[in-house]
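These notes are about the structure you will find just below.
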Amino acid sequence: MSLVRPLRSALALTALLAALALPAAPVDEARAALGVGIDEVSAALRDRPKQDDLIAQLDTLVEKHFAFTTTTRLAVGPAWRDFTPEQRTKVEHLFSKLVIRTYADRIAGDAAPDINYGAPTELKAGRVEVPTVIRIANATYSIVYRLELESGSTPARWRVYDVVAEGVSLIANYRGQFEPILRKSGPGGLIETLTAKVAQPAAR
């Protein structure tokens with residue numbers, strides 16, 4: 001009996017087992033983490049809690065799935081180096097509250113969104129971009145999520161640090177708003193502005 005066929009079968013099985021043992025590629029891990037985050041946020045919105053309860057839920061989910069320290073640093077830009085550690089913590093807290101409240105009403109809905117995930121792209125080591133097309137009711141949105149690997153946590157986790165909706169980056173949008181405030185009033189002025197905005201009654 002020829003040994004060629006058994007040898008080929010053994011090599012094929014070895015290759016298959018080796019492939020199964022390989023860890024998931026970074027882009028696949030990021031895509032999976034994004035899917036979990038979107039599902040959890042969508043479920044919270046469909047529960048239709050009271051506004052304050054919804055904001056509290058979103059606050060918890062943002063902490064879990066959003067790298068807001070990176071988002072805040074990039075939105076502030078080069079002026080970040082002028083902030084004290086206490087000011088950085090304060091502006092990050094206020095900025096996250098502002099973003100959550102601003103978008104809480106806009107993304108609410110009864111139906112689960114229909115999401116088509118495009119091919120993720122590794123921007124550089126530890127950063128991945130995932131394009132999506134999201135359909136809600138009769139509206140369609142092109143949204144790109146950018147995630148970074150937080151290696152300092154145990155276990156390491158992928159979290160969103162920027163969202164590009166219809167070509168408009170959340171980070172770039174807020175940096176455009178922050179820059180004139182920072183030029184005029186510095187870190188203290190930005191904190192005062194964010195404090196005032198967060199204190200305003202939520203719009204319905």
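The values are calculated or read from the model by the stated rules, or taken from the named source; none is laboratory data. Computed from a prediction, not measured in an experiment: that's the story for all the values here. Backbone-built Cβ (ideal geometry, glycine too); neighbour counts: all protein chains shown.
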statement: Expected output for the range 160-172 (first residue within 18 Å of residue 38 (Cα to Cα) and among the aliphatic types (A, V, I, L, M), partner at pLDDT below 95 and loosely packed, with under 15 Cβ neighbours inside 10 Å, Cβ below 7 Å, 6+ apart or cross-chain) is 165/141
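Name the one entry in 31, 73, 81 that is surrounded by 13 or more Cβ atoms within 10 Å (Cβ to Cβ) and either closer than 18 Å to residue 177 by Cα or at pLDDT 95 or above (or both). Working first, answer last.
Working: 31 fails: either closer than 18 Å to residue 177 by Cα or at pLDDT 95 or above (or both); 81 fails: surrounded by 13 or more Cβ atoms within 10 Å (Cβ to Cβ).
Residue meeting the stated conditions: 73.
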- prompt: What number of residues within the range 54-85 are touching a helix residue (DSSP H, G or I) at 6+ places or on another chain (Cβ under 6 Å) and either outside any helix (DSSP H, G or I) or on the phi > 0 side of the Ramachandran plot (or both)?
  reply: 2
Options 191, 181, 136; residue that is under 22 Å from residue 33 (Cα atoms) and not hydroxyl-bearing (Ser, Thr, Tyr): 136
